[in-house]
Every structure is written in structure tokens, then in C-alpha cells.
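Sharing a structure here in C-alpha cells format.
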Amino acid sequence: MTDAQAPTHLLTRPDGRTVAVDVAGPDDAPVVVFLHSSPGSRRFDPDPAVTASAAVRLVTLDRPGYGASGPWPEGTVPTVAGCADDVAAALDLLGAADAAVVGWSAGGRVAAGVAARHPDWVRALALVGTPSPADGSWIPPEHHAMLDPLRDDPASATAALTAILAQFMGDDPEGALAANTGDADAALLGDPDVRARVLAMHAEALRQGPVGIAADIVADQVADWGYDPAAIGAPAHVFSSEDDFITPSHLAWWADTMVDTTVHTTSGIGHMLVVTQWAEVLAAVGHPVR
């Protein structure tokens, strides 16, 4: 695995963790935060040409244990709320007045957490292919069985799950890509540029091994999320594809739960809909391509 590009900023949190933040685009442009999938990393812009044409300042950051962000301290229970607070701290560091916050897949749970816990920061919200907590059918039964005993001791769950994942996961970004995509994504991933960008995201995601993935799983499925999605009042948009393994019913749950939501549904693409729909996502949160 090659060395990663250095992050634009390293933010130090009160618990001693560092959070890696990348910023691209004009300093005076409106801020759009993009939160990655699981596994994933800050090193992904769904469509750089579209982002540039929308004239925004794109902010991405690694969640704990991914890329250049330090893992949760030993014995800490990872939470979605804690990741959301990292985003707010990054916006504060950058001096942003507010932001449109976009979350893809697991990143959508964090994006929603930012809107629920830090409403003054969020002028618009978009969730793309984000699982709901109401339907665990997309999680294999053997994974459910693995998680049940971890709920008895959540403080040790991340370390235990990291050890389990390390037994059958390497650091091959191709394997991570396969886990994050489906048959409906094959044509898109046949584009060499798209494939290279997705593989770069996964290569950075796995730099510390599976600890970031383990922390995401614990935060989502073992710990309490730490916020109420029904408290989200920002204008929200949910994007789903009929051919994604995260089915439109997941996004319907988010739409039914949040106060002010617009639903966008497509087909012919799987979990990589964030790439094909990126112009629509940016337009929905107030930044159409010029």
C-alpha cells in the first residue's frame, strides 16, 4: 500500500484523538461536507468535475480508525454522535458559518447526527444510500450472531471486533470495494477513473487495518446512536436506488422520520449511486452545477 497524501488539517479532539480533514475548493466558497461510507476515507470526491462546476468548498474527514484519523481510545465506546461532533469541530476549525452536509451509506448516519446535534451548522442535509436502524435485513445473519455477545461489554467491543475482522480481512482495497458494491455497479466501476478513485478511498481506509470498520459497526449496532433523527429540522433529501442492496425502504424510513424531507429515487446503479447522482445531490442541497 502506498503512502497516503497528507491531510489538509489535523484536528485534536478533547480525548486526544486526531481527526484528519481534507479541504478542496475556494476558501470563500460555500461549504459542503461529504462523509464517507464504511469502509471509506476522506480521500473520495464522488465526481471532482461536478464538484468543481458547482463551485463549492468540499470538506471530507476520516472517522476514527480510518486513514489518518486516530482510533477511539482503548475502552471507549464509539458513537455516531461522537463522529458527528468531530464534524462540527472541523467546521469550527475552518471558520465555516454553516454547511450542507452529505452522508453516503454509513456516513449518512453521521450526517444526520450533525443535523440533530448541531442544527446551527447545517443549512441542508442529504443522505445517499443510508441504512435505517429499523431494518437489519441487509446485515448477514452470521454478523448478527457475532454482535450479540459484544453488547454485554460495549467498552471492549471495538477491540474484540477488530480482532475478529483481522482474521479474515486483509488490507486489499479490491476486497473492500467488492464488499461495498454489487452487480449493478459493474458498468460504472468499469470506468478506470472511477475505479481508481474508489480504490484510493479504500486503500486509505485500511491503512490501520479493520479498526475503523469495527468502530463503525459498534457505533451503529452496539451503542446508542446518541441522537434522535426525529429532531432534525433542516431541509433534508434522501437518495436511493431500486438496485442498491440498501433498498429504497431504508430511505423511506429516514423520510418518514425527519421533519422536512424530499425523496429522490433512481435505478440502474447500486451502492455507487453517490457517483452517478452527485450533481443531483449538490443541486438538492443548494449548489447546482454551473
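The values are calculated or read from the model by the stated rules, or taken from the named source; none is laboratory data. In this text the structure is predicted, and so the values were computed from the model without any measurement. Don't worry about glycine lacking a Cβ; one is built from the backbone with ideal geometry, like all the others, and counts go over all protein chains shown. To get the accessible areas, we keep the full protein, side chains included, count just its heavy atoms, and leave off ligands, DNA and RNA. Shrake-Rupley method; radii C 1.70, N 1.55, O 1.52, S 1.80 Å.
Identify all residues within the stretch 79-120 that are within 17 Å of the chain's Cα centre (by Cα), in a helix (DSSP H, G or I), of a type outside the set (D, E, K, R) and within 17 Å of M258 (Cβ to Cβ); write none if there are none.
Of everything in the stretch 79-120, those that are within 17 Å of the chain's Cα centre (by Cα), in a helix (DSSP H, G or I), of a type outside the set (D, E, K, R) and within 17 Å of M258 (Cβ to Cβ) turn out to be V80, A81, A84, G107, G108, V110, A111, A112, G113, V114, A115, A116.
So, in the stretch 103-159, of the ones that are closer than 30 Å to H264 by Cα and among the hydroxyl-bearing types (S, T, Y), which residue ends up most open to solvent (accessible area, probe 1.4 Å)?
My answer is S137.
Results for (1) outside any helix (DSSP H, G or I); (2) within 24 Å of L127 (Cα to Cα); (3) without any contact (Cβ under 8 Å) to a residue 24 or more places away in the chain; (4) touching a Ser or Thr at 6+ places or on another chain (Cβ under 9 Å), shown as yes or no for each residue.
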position	(1), (2), (3), (4)
D22	yes, yes, no, yes
V32	yes, yes, no, yes
R42	yes, yes, no, yes
A52	no, yes, no, no
P71	yes, no, no, yes
E74	yes, no, no, yes
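Within the stretch 89-102, which residues are crowded, with 20+ Cβ neighbours inside 10 Å and among the small types (G, A, S)?
If the condition is that a residue be crowded, with 20+ Cβ neighbours inside 10 Å and among the small types (G, A, S), then A90, A99, A100 are the ones that fit.
Is it the case that some residue within the stretch 167-178 is modelled with pLDDT of 90 or more and part of a loop (DSSP other than H, G, I, E, B)?
no
Report the residue count in the stretch 139-166 for those that are assigned to a loop (DSSP other than H, G, I, E, B) and at pLDDT 75 or above.
Adding up the residues that qualify gives 1.
Can you tell me which of (1) within 20 Å of P154 (Cβ to Cβ); (2) in contact with a helix residue (DSSP H, G or I) (Cβ under 6 Å, 6 or more places away or on another chain) is the one G82 doesn't meet?
Here G82 clears every test but (2).
Here are some residues: D45, D62. Which one is open to solvent by 10 Å² or more (accessible area, probe 1.4 Å), acidic (D, E), within 14 Å of the chain's Cα centre (by Cα) and over 22 Å from P229 (Cα atoms)?
D45
Failed condition for T261, given (1) of a type in the set (V, I, T); (2) crowded, with 18+ Cβ neighbours inside 10 Å; (3) more than 14 Å from G108 (Cβ to Cβ), with all others met?
Of (1) of a type in the set (V, I, T); (2) crowded, with 18+ Cβ neighbours inside 10 Å; (3) more than 14 Å from G108 (Cβ to Cβ), only one is false for T261: (3).
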